[in-house]
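J.: One structure is given below, represented as structure tokens, and several questions about it will come after.
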Amino acid sequence: MSTSIAAHTKGGLMIIILEDLYYGSLRPNERIKPNDPESRRINQRIIDSLQMLKERLPEEDFVQVEELLELHSESCSLHSAVSFIQGYKIGALIMIEVFGGDKSSI
């Protein structure tokens with residue numbers, strides 16, 4: 001997190017996004033802490049299933065399962081990045097339309 005959080009406030013809102021972007025510390029995927037009970041339940045099921053597979057499969061087969069999960073994780077990360085970029089572009093287009101639109105209708 002930026003060291004300027006306490007120093008840069010305006011109207012109670014922290015203005016750090018540009019500094020975080022400049023210093024490369026703007027990583028929304030690392031700030032996500034799922035508190036959703038459904039997410040926790042699914043993650044626990046994954047952990048339980050992996051433990052069961054580890055106990056039942058020969059070691060070399062379980063290594064293949066781990067490699068498959070790693071590939072799936074990489075694929076999900078790539079998809080999340082593309083989705084984030086697309087969402088950001090849509091948000092920017094919305095802002096252009098809002099601020100560049102016909103002022104007479106306001």
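J.: Quick one: Val82, Val65, fewest Cβ neighbours within 10 Å first, how do they rank?
T.: Working: Val82 10, Val65 14.
The most exposed by this proxy come first: Val82, Val65.
J.: May I pose another question? Sort Glu66, Glu19 by Cβ crowding within 10 Å, fewest neighbours at the top.
T.: Numbers: Glu66 13, Glu19 16.
Ascending number of Cβ neighbours within 10 Å: Glu66, Glu19.
Here, each number is a calculation from the coordinates, and none is a lab measurement. Computed from a predicted structure; not experimentally measured. All Cβ positions, glycine included, derive from the backbone under ideal geometry; neighbour counts span all protein chains shown.
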